[in-house]
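Peer 1: Could you have a look at this structure, given as structure tokens, before my questions?
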Amino acid sequence: MAIATLDRAAKKGVTAVQEYALISGRALSNLFRRPFYGADIFTQADIIGVGSIPIVILTGFFTGGVLALQSASTLAQFGAAAVTGQLVSFSMIKELGPVLTSLMVSGRNASGMASELGSMMVTEQIDAMRALGTDPLKKLVMPRIVATVVMLFFLTIISDAIGILGGAAVSVFLLGQDSSQYFHNAYQSLRYADLVQGMVKPLIFGLIIATIGCYYGMTTRGGTQGVGRSTTQAVVVSSVLIIASDFVISRFMIGIFGR
């Protein structure tokens, strides 16, 4: 019985991965086919991007503040408190900015995509779209993928900037450091490789968030209980994949740039 259970679980996992790849591939291929639903992309960009700005600002500011607060006390033991700005900028741009922003957007929007599309599935609205000759993957999934990837890129930039400002506020007003020294170290220590690493991650994370959220929404079964289950699974799986892919991307970038 144990072997049969493992066999069923393995087949179910392989089938899920295959279905996820097919849905994502078909949705991305529709990007280059007419009709082009530009209005839907802008609508989703407003919901996903503009709607996420407050939580991204708060997360970035307090993350930068905590980084400065914790790192300054440790660096002071070695007489290196002046490099607090360098540590905050490195941490925010290369790692914490993209990852925390993606996790916040995942919790807010992957669940929203799964619940919205899942509700449409259980109420047979998507079947009605197919009957009317509209491809739901192009009408519903493709705009969400494009909007998430584009907007997460800019949300990460906002988070990085706000995080560095949060670190500056803590360093200057609470720790008594010099503001010009903080910003000088934060800016002068950055290299092209650091910016590339920090800007590539949100593109991949955005693709993960949108495709996972839409996949669980489009495969929802079982009425309202199934919608809740899909919503939970979308957030959990996208968050885990973001953290796992962050390790892979970081290792790959360090291999290329050496830092």
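Peer 1: If you check ALA186, ALA161, ALA169, ALA193, which single one turns out to be at pLDDT below 85, closer than 19 Å to PHE62 by Cβ and part of a helix (DSSP H, G or I)?
Peer 2: ALA186
Peer 1: Hey, does the range 8-24 have a residue that's touching a Pro at 6+ places or on another chain (Cβ under 9 Å) and within 21 Å of LEU152 (Cβ to Cβ)?
Peer 2: no
Peer 1: Separate question: Within the range 171-207, track down each residue that is surrounded by 24 or more Cβ atoms within 10 Å (Cβ to Cβ) and either over 30 Å from SER245 (Cα atoms) or in contact with a strand residue (DSSP E or B) (Cβ under 7 Å, 6 or more places away or on another chain) (or both).
Peer 2: SER171, TYR182
Peer 1: Can you find even one residue in the range 90-100 that is among the hydroxyl-bearing types (Ser, Thr, Tyr), surrounded by fewer than 22 Cβ atoms within 10 Å (Cβ to Cβ) and in contact (Cβ under 8 Å) with a residue 24 or more places away in the chain?
Peer 2: yes
Peer 1: So, ALA161, is that one of a type in the set (A, V, I, L, M), touching a Lys or Arg at 6+ places or on another chain (Cβ under 9 Å) and touching a residue at least 12 places away in the same chain (Cβ under 8 Å) or not?
Peer 2: Against the criterion (of a type in the set (A, V, I, L, M), touching a Lys or Arg at 6+ places or on another chain (Cβ under 9 Å) and touching a residue at least 12 places away in the same chain (Cβ under 8 Å)), ALA161 does not qualify.
Peer 1: So, one more: Looking at the range 208-240, which of its residues are surrounded by 18 or more Cβ atoms within 10 Å (Cβ to Cβ), within 13 Å of the chain's Cα centre (by Cα) and either closer than 13 Å to MET104 by Cα or aliphatic (A, V, I, L, M) (or both)?
Peer 2: ILE208, ILE209, ALA210, ILE212, ALA234, VAL235, VAL237, SER238, SER239
Peer 1: Scan the range 177-196 and report the pairs whose first residue is under 14 Å from SER91 (Cα atoms) and whose second residue is open to solvent by 90 Å² or more (accessible area, probe 1.4 Å), with Cβ atoms within less than 8 Å and a gap of 6+ or a chain change.
Peer 2: Hits for this filter: ALA193/ILE256.
Peer 1: Name, by its number, the condition in (1) more than 25 Å from THR219 (Cα to Cα); (2) in contact with a helix residue (DSSP H, G or I) (Cβ under 8 Å, 6 or more places away or on another chain); (3) open to solvent by 40 Å² or more (accessible area, probe 1.4 Å) that does not hold for GLY51.
Peer 2: (3)
Peer 1: Would you say ILE249 is closer than 30 Å to SER119 by Cβ and either surrounded by fewer than 24 Cβ atoms within 10 Å (Cβ to Cβ) or modelled with pLDDT of 90 or more (or both)?
Peer 2: No; evaluated as a whole, the condition is false for this residue.
The values are calculated or read from the model by the stated rules, or taken from the named source; none is laboratory data. Here the structure is a predicted model, which is why all the values come from computation and not from measurement. Every residue, glycine among them, receives a Cβ derived from its backbone with ideal geometry; neighbour counts consider all protein chains shown. The protein model used for the area step is the full one, side chains on, heavy atoms only, and it has no ligands, DNA or RNA in it. Shrake-Rupley method; radii C 1.70, N 1.55, O 1.52, S 1.80 Å.
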